[in-house]
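Asker: This structure is in C-alpha cells; I'll ask about it shortly.
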Ligand SMILES: Nc1ncnc2c1ncn2[C@@H]1O[C@H](COP(=O)(O)OP(=O)(O)OP(=O)(O)O)[C@@H](O)[C@H]1O
Ligand SMILES: [Mg+2]
C-alpha cells in the first residue's frame, strides 16, 4: 500500500494485524508486527518527503511461516545509518525509538539506504521464533 498521509499509518497497522491473525500469529506477536509496520509507515510519512510503500506478505521456509514487511521510499535516504539505529537518535525531535524498536521486535531486519535516492527495509517475523 502507498503510505503518504498520516491516516495510512493506522490502516497499514490494521492490515498487518489482520494478516498476522490469519496466519495464526498469537496476539503478542501480531502486535510486534503491527507496531513495526506502524513505525516504518510513520517514518515514510515524516522522513521520506513523498512517502513510500509498505508491502506485507506471508513467507515460508522449512516448515515455518512468517510475515515479511517491505518498506520502500525514494526519499532523502539516511546519511548516518549507524546513528539512526541507536535508541534516542532522531533528526526531527522524535523519540528515536522507531528503527531500533523494529529491529528488536522482528527476527530479520535488513536496511539499504542511499543518500539522495531512498531507503528500503525488509523485516520478517517467524512464527516459530516467537520465544527467542
Ligand atoms: N524512510 C526514511 N527516510 C529518511 N530518513 C529516515 C527514514 N526512516 C528513518 N529515518 C531517519 O532515521 C532517524 C531515526 O528513525 P526512528 O524511527 O528511529 O526515529 P524518529 O522517527 O525520529 O522518532 P520516532 O520513530 O521515535 O517517533 C529519523 O529521525 C530519520 O532521520
Ligand atoms: Mg520513526
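Asker: To the nearest 0.05, how large is the calculated FRET efficiency for residue 21 and residue 70 if R₀ is 22 Å and r is the Cβ-Cβ distance?
Answerer: 0.65
Asker: Let me ask you something else. Bin by bin, in steps of 5 Å, what percent of the Cα pairs in segment 2-129 do you find, going until the bin that has the longest distance?
Answerer: The distribution over segment 2-129 is 2, 12, 22, 25, 20, 11, 6, 2, 0, given as percents.
Asker: Stretched out fully, how many nm does the piece from residue 7 to residue 85 gain, at 0.36 nm a residue minus the Cα gap?
Answerer: On the way: separation 78, 0.36 × 78 = 28.08 nm, distance 2.52 nm.
Value of the extension gain: 25.6 nm.
Asker: While we're here: Points 7 angstrom from Cα along the Cβ direction at residue 107 and residue 128: gap in nanometres?
Answerer: The two pseudo-label positions are separated by 0.8 nm.
Asker: At what distance in angstrom do the alpha carbon centres of segment 92-110 and segment 13-72 lie from each other?
Answerer: 13
Asker: With everything on Cα atoms, drop me the angle between helix 6-22 and the longest principal axis of the chain, reported from 0 to 90° to the nearest 10.
Answerer: 20
Asker: If I build a Gaussian network model for the chain, linking alpha-carbon pairs within less than 10 angstrom, which residue out of 81, 99, 44 has the largest mean-square fluctuation?
Answerer: Sorting by GNM fluctuation, first place goes to 81.
Asker: If I take every Cα pair under 8 Å that is 6 or more residues apart in segment 78-121, average their sequence separation and divide by the length, what percent do I get for the relative contact order?
Answerer: Relative contact order here is 34 percent.
Asker: Additional query: Relative contact order (percent) for the chain, with alpha-carbon contacts under 8 angstrom and 6 or more residues of separation?
Answerer: Details: 259 pairs, mean separation 31.6, N = 132.
24 percent.
Asker: Which value at 222 nm does the chain reach when only helices count, each DSSP H run of 4 or more adding -39,500 (n - 2.57), with the total divided by all residues and rounded to the nearest 500 deg cm²/dmol?
Answerer: -12000 deg cm²/dmol
Asker: Over segment 2-129, what is the percentage of antiparallel beta bridges among all DSSP beta bridges, to the nearest 5?
Answerer: That works out to approximately 100 percent antiparallel.
Read the figures in this text as sums done on the coordinates, not as results from a lab. Given the structure is predicted, the values throughout are model-derived calculations rather than measurements. We place every Cβ from the backbone using ideal geometry, glycine too, and count neighbours over all the protein chains shown.
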